[in-house]
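> The following block contains the structure, expressed as structure tokens.
The values are calculated or read from the model by the stated rules, or taken from the named source; none is laboratory data. A quick note: this is a predicted structure, and the numbers were derived from the prediction, not measured. Cβ placement follows ideal geometry from the backbone for every residue including glycine, while neighbour counts extend to all protein chains displayed.
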Amino acid sequence: MKVIATSLAGCVIVEPRVFGDNRGFFFEAFNSTCQPDPTAPIVAQQINVSRSGRGVLRGLHFQWPQPQGKLVWVLEGEVFDVAVDLRKGSHTFGQWDGCLLSAKNHRQLWIPEGFAHGFQVVSEYATFCYLCTRPYQADFDRAIHHADPQIAVEWPDAQNAILSDKDKMAPQLAQLQDLLGNDDNIGQR
């Protein structure tokens, strides 16, 4: 696998080795012996799959105080995928980075614990896979508004984004800083 750094420390793009022939292709989506960050190995606790139509924007989601790391990729279609650094004391706190993930490029994004995550579908539909380091816990489910001007994510089609009620009502980062500032260990186990 090839690991490509993003502007956010610890958050990396992963390009798996893809083997293809006239029958199709094969690649390892996850192998515990080959990690994007060998100093903080991924221990999968839950795998989720979602399917969404063009324009659907899911995010910016995170779990606190039990943060989840996520290895994400697309099984069908294409999305613009985003990570936002929420680690207290990080020099990139509140900053984002994004990339296109698709069934064609087979890229994955590793989003460590302590980050918010979201994506917008740019194809007719997309089937999206999440490998999570902790189980989902509804009491710790959090979101930041996708159009927060402090973060200023450049979504492909923010004007026409299709959002859940939860995401429409999500607070801005400034409203969550007291919550995030209560623990010096966000993003660390």
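> For the condition more than 25 Å from residue 41 (Cβ to Cβ), β-branched (Val, Ile, Thr) and buried (at least 16 other Cβ atoms within 10 Å of the Cβ), what is the one hit in 153, 84? Let's see the steps before the verdict.
Numbers: 84 fails: more than 25 Å from residue 41 (Cβ to Cβ).
Every option except 153 fails the conditions.
> Test residue 70 against the criterion of being of a type in the set (D, E, K, R) and touching a helix residue (DSSP H, G or I) at 6+ places or on another chain (Cβ under 7 Å), and give yes or no.
no
> A follow-up question, please. Being closer than 30 Å to residue 104 by Cβ and crowded, with 18+ Cβ neighbours inside 10 Å is the filter here, so list the residues in the stretch 135-146 that pass it.
Those that are closer than 30 Å to residue 104 by Cβ and crowded, with 18+ Cβ neighbours inside 10 Å: 143, 144, 146.
> Could you tell me whether the stretch 92-109 includes any residue that is at pLDDT 95 or above, farther than 22 Å from residue 6 by Cβ and surrounded by fewer than 16 Cβ atoms within 10 Å (Cβ to Cβ)?
No, the conditions are met nowhere in the stretch 92-109.
> Within the stretch 29-64, how many residues are modelled with pLDDT under 90 and either out of contact with any Pro (no Cβ under 6 Å at 6 or more places or on another chain) or within 13 Å of residue 109 (Cβ to Cβ) (or both)?
Residues flagged as modelled with pLDDT under 90 and either out of contact with any Pro (no Cβ under 6 Å at 6 or more places or on another chain) or within 13 Å of residue 109 (Cβ to Cβ) (or both) within the stretch 29-64 amount to 15.
> Next question. From 122, 79, which residue is in contact with a Pro (Cβ under 6 Å, 6 or more places away or on another chain), buried (at least 17 other Cβ atoms within 10 Å of the Cβ) and under 28 Å from residue 3 (Cα atoms)?
Only one candidate qualifies: 122.
> Here is a list: 120, 68. Which entry is within 12 Å of the chain's Cα centre (by Cα) and not in a strand (DSSP E or B)? Can you show your working first?
On the way: 120 fails: not in a strand (DSSP E or B).
Residue meeting the stated conditions: 68.
> Next question, about the same structure. Exactly one condition in (1) touching a residue at least 40 places away in the same chain (Cβ under 8 Å); (2) part of a loop (DSSP other than H, G, I, E, B); (3) out of contact with any Lys or Arg (no Cβ under 9 Å at 6 or more places or on another chain) is not met by residue 10; state its number.
(3)
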